[in-house]
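First up is the structure itself, then whatever we jot down about it.
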Amino acid sequence: MTDKGDKEILEIVQVGDPVLRATAKQLSPKELASRDVQKLIAVMRDTMRAAPGVGLAAPQIGVSLAIAVIEDTAEYQKGHAPERLAAFERTPVDFHVIVNPVLRFVGHEMVEHFEGCLSFASFHMVVARSRKVHVDALDEHGKPISIDASGWYARILQHEIDHLNGIVCCDRMDPRTLCTGENFPRFCAGKSAADVKSIVGRSKLT
Ligand code: ZN
């Protein structure tokens, strides 16, 4: 744990820790309203922002509870060309909390893009995700919320809710596209997932 001013920032658990493989526990309304859980949500928000990341699930700070925080600011998106943002269907998403989420795919369209994970060092990998999803959850106050999302936001929701089910993005990746953070800008910058897949080829394992 580090302190940045008055903020408590926790270390992010890395893949290999069993907490990332457990099914996170659902919260009762009383548990959600407790001071401890409200404090946990604030620490998750500050830890996500410090990373920085666009989403963080409680297991990623070692707490097996069904809570995730999400925020994809215009500031984060500034470094990407407008055509890339359009290709990713990525638009700003305000900070929000999802508790006990239930996700379902909407339609059958799957899209492939590179993604990374704060619990997977700086690796990038191509992951196929549903283009559209619907999520029912509670907000941090215990109020039921319904989310219809598409594009990058739908990807973030799928990634974070996977964490609550003990799934890490490497479980869903095309393994031949796994790329270190150092090599990603060298070999993959500006390329689509399809471009990179055509370069790395298909698995020759039998
Ligand atoms: Zn992750």
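The values are calculated or read from the model by the stated rules, or taken from the named source; none is laboratory data. Just so you know, these numbers come straight off a predicted model, no measurement behind them. We place every Cβ from the backbone using ideal geometry, glycine too, and count neighbours over all the protein chains shown. Remember, those area values only see protein heavy atoms, side chains included, never the ligands or the DNA or RNA. Shrake-Rupley method; radii C 1.70, N 1.55, O 1.52, S 1.80 Å.
Between the exposed loop cleavage positions of the chain, defined as GluC sites (Glu not before Pro) in a non-H, G, I, E, B DSSP state with at most 12 neighbouring beta-carbon atoms within 10 angstrom, the longest gap is 12-108. Straightening the chain between residue 84 and residue 19 buys 20.0 nm, computed as 0.36 nm per residue apart minus the Cα-Cα spacing.
Dipole check for region 56-202: with +1 at the C-beta of Lys and Arg, -1 at the C-beta of Asp and Glu, and the Cα centre as origin, the magnitude is about 520 Debye.
Under DSSP H, which helices of the chain have Cα atoms covering 18 Å or more of the helix axis and a Kyte-Doolittle average no less than -0.5? Length and hydropathy pass: 35-50, 151-164. In the calculated pair distance distribution of the chain, what percentage of Cα-Cα distances lie above 31 Å? Tail fraction, whole percent: 18.
A straight line joining the Cα centroids of region 50-98 and region 125-158 runs 11 Å. For region 1-125, a crude dipole built from +1 on the beta carbon of Lys and Arg and -1 on the beta carbon of Asp and Glu, taken about the Cα centre, is about 320 debye to the nearest 20.
Per residue, the chain exposes an accessible area of 53 Å² to a 1.4 Å probe, with every protein chain left in place. These residues, 108, 134, 124, go from largest to smallest accessible area, 1.4 Å probe, as 108, 124, 134. For region 13-126, the relative contact order is 26 percent, taking Cα pairs closer than 8 Å that sit 6 or more residues apart in sequence and dividing their mean separation by the residue count.
Restricted to Cα atoms, region 41-123 shows a radius of gyration and a Dmax of 14.0, 38 angstrom. As a size descriptor, the averaged projected area of the C-alpha convex hull of region 102-178 was calculated at 5.3 nm².
Stretched out straight at 0.36 nm per residue, the stretch from residue 136 to residue 183 would grow longer than its current Cα-Cα span by 13.2 nm. One decimal place: the segment residue 42-residue 204 gains 53.7 nm when fully extended, by the rule 0.36 nm per residue minus the C-alpha distance.
For trypsin sites (Lys or Arg not before Pro), the sites in region 130-206 that DSSP calls loop and that have at most 11 other Cβ atoms within 10 Å are 202, 204. Looking at region 1-159, what % of its DSSP beta bridges pair antiparallel, to the nearest 5? Of those bridges, close to 95 percent are antiparallel. Inter-label distance, residue 145 to residue 110: 2.9 nm, where each label sits 7 Å from its Cα along the C-beta direction.
Here the average projected area of the convex hull drawn through the C-alpha atoms of region 90-135 stands at 4.4 nm².
Computed per residue of the chain from DSSP H runs no shorter than four, each worth -39500 (n - 2.57), the mean residue ellipticity at 222 nm is -7500 deg cm²/dmol.
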